[in-house]
Amino acid sequence: MDLPSGEEIPRIAIRSAKPLAGLVSNTQFKMLLDIKSVEAFLRLQGLILPLGGGRGEVVARTRTANGKTADIVLGRKFRLDVELVEKVKDIQGVENVELAPVKPHLMSVR
């Protein structure tokens, strides 16, 4: 940013720009949700299967026969976005839908 003498409005030089769509496509997302019924699972399956080819992971949390909680990874190559989250929230038997960017796994190099 440069403020020439006598001017009140600073001048800014933009050296490069990236479209927001490109930034989103490079971000890996994870959708976490609770599934309460087989019917809800089948409806979810119908929504996400056509969305392959992305980098998003879908994890369903459900109760097992003995009452414990199990996390099931449904896949890691889905195109996830906010519109999909809203559709998933509308499925009866699906609760606690969250979409968040996946934090990169950093490794120590020696």
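The values are calculated or read from the model by the stated rules, or taken from the named source; none is laboratory data. Note that the coordinates shown come from a computational prediction; the quantities given were computed from them, not determined experimentally. For neighbour counting, all protein chains shown are included, and Cβ atoms are generated from backbone atoms with ideal geometry for every residue, glycine included.
Out of the residues in the range 52-102 that are assigned to a strand (DSSP E or B), within 10 Å of the chain's Cα centre (by Cα) and touching a residue at least 60 places away in the same chain (Cβ under 8 Å), which is nearest to residue 38 (Cα to Cα)? Ranking the candidates gives 98 first. Given the structure, is residue 87 touching a strand residue (DSSP E or B) at 6+ places or on another chain (Cβ under 7 Å), surrounded by 10 or more Cβ atoms within 10 Å (Cβ to Cβ) and at pLDDT 90 or above? When the stated conditions are applied, residue 87 does not pass them. Looking only at residues of the range 11-51 that are part of a loop (DSSP other than H, G, I, E, B) and surrounded by 11 or more Cβ atoms within 10 Å (Cβ to Cβ), we find that the one that is modelled with the lowest pLDDT is 27.
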